[in-house]
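Step one of this worksheet: look at the structure below.
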Amino acid sequence: MRILVTGGAGYIGATAVEILLQQGFDVSVLDDLSSGFADALPSQARFIEGTILNMHTVREALTGASAVIHFAGKSLVGESVQKPDLYRDVNVHGTRVLLEEMRLANIKQIVFSSSAATYGEPTTTPITESAPTQPTSPYGETKLAIDQMLTKEASAHGLAAISLRYFNVAGSMKTERGWLRERHNPETHLIPNVLHSTADHPVKIFGSDWPTADGTCIRDYIHVVDLIDAHVRALRVLKDSHHAIINIGSGRGYSVREVIDSAQKVLERPIPTLDSPRRDGDPAVLVASIELAESLLNWRPSRDLAQMVTDTASSLELL
Ligand code: UFG
């Protein structure tokens, strides 16, 4: 069975490519390399360099595929506030092109990387899939618009779709070609920033006055390998004319200070920090309810925060 992985040269997509190949799938990758890296791709994957915005490229990439795992898209919350049109164009319009080409090619299965950003500021914790969706960024709005598009496409055209709403993805996977890791520039994510912290450039703690036990924000971190395991399980439970939305997190929260403590233990050195103002748009607490993932996908994460920090540190050659 051939799977088209859009965005397969990025951090999460390349991890999916690796695991799908290990599990015996054939894999095609469509990626425009705007934030991915060709060297993340193994030679066994068929690689089409191009954008999801171009229907001819999408058509070529879909050749021989039975299902799509759709990661391609812009994914920085802060950037989306500066460039909302770019996010709408690439994420929403690009997915529209992909779905139209899938329909023409009679490919009816898709697993989509949605986001906890669709919920916005939570009204209850942990967040279930039935929680209100009130995104606080254009990025979250585009992910929600795509989820809604998938619901319509399932009922109107028989698509079998699952949206996985990721919480905070972290960790790295080791392959024969080295570690598949986050390679963002600039890096905005907490764990790599904590690991790179030095006395000259200490990691900033964005707010120490949040209404949480230690005053810092709480997030739900999920190892990228566990996340991809959920995608492979999702592929196996897709149902025609049905769109399911499923949270993927660990179901438990860690504060920014707990992440820093974990990194101090892993690196066996103190991590310099700088108390800083709150970052715009950050909610205090984001923790997933993962009961639906457990029941629908028969999935549970097996890698904890220490493993995520250790693997990220190894991938950055800090261990
Ligand atoms: N943080 C710091 N210092 C840093 C970086 C982050 O204190 O240098 C804090 C943030 O304020 C936040 C937490 O660490 O409280 C995690 O921040 P990240 O930037 O690592 O992740 P986010 O929670 O902002 O965003 C992630 C994904 C988004 C997704 C969102 C949904 O990156 O794509 O989760 O919950 F939309």
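Descriptive notes on the structure:
- Filtering the stretch 57-74 to residues that are out of contact with any Ser or Thr (no Cβ under 8 Å at 6 or more places or on another chain) and either within 16 Å of the ligand (Cβ to nearest atom) or in a loop (DSSP other than H, G, I, E, B) (or both) leaves only 66.
- Residue within the stretch 190-204 that is within 14 Å of the ligand (Cβ to nearest atom), part of a strand (DSSP E or B) and not assigned by TED's automatic domain parsing to the domain that holds residue 7 present: yes
- With respect to the conditions (1) in contact (Cβ under 8 Å) with a residue 12 or more places away in the chain; (2) in contact with a helix residue (DSSP H, G or I) (Cβ under 9 Å, 6 or more places away or on another chain); (3) part of a loop (DSSP other than H, G, I, E, B), residue 187 lacks only one, and its number is (1).
- Test result for residue 250, among the polar types (S, T, N, Q) and surrounded by fewer than 23 Cβ atoms within 10 Å (Cβ to Cβ): no
- All positions within the stretch 96-133 that are touching a strand residue (DSSP E or B) at 6+ places or on another chain (Cβ under 9 Å), aliphatic (A, V, I, L, M) and farther than 21 Å from residue 166 by Cβ: 102, 107
- Flag if residue 295 is within 13 Å of the ligand (Cβ to nearest atom) and among the hydroxyl-bearing types (Ser, Thr, Tyr): no
- Some residue of the stretch 27-40 being surrounded by fewer than 23 Cβ atoms within 10 Å (Cβ to Cβ), in contact with a Leu (Cβ under 9 Å, 6 or more places away or on another chain) and closer than 19 Å to residue 97 by Cα: yes
The values are calculated or read from the model by the stated rules, or taken from the named source; none is laboratory data. No experiment lies behind these values; they were computed from the predicted model shown. Cβ sites come from the backbone with ideal geometry, for glycine too, and all protein chains shown count toward neighbours.
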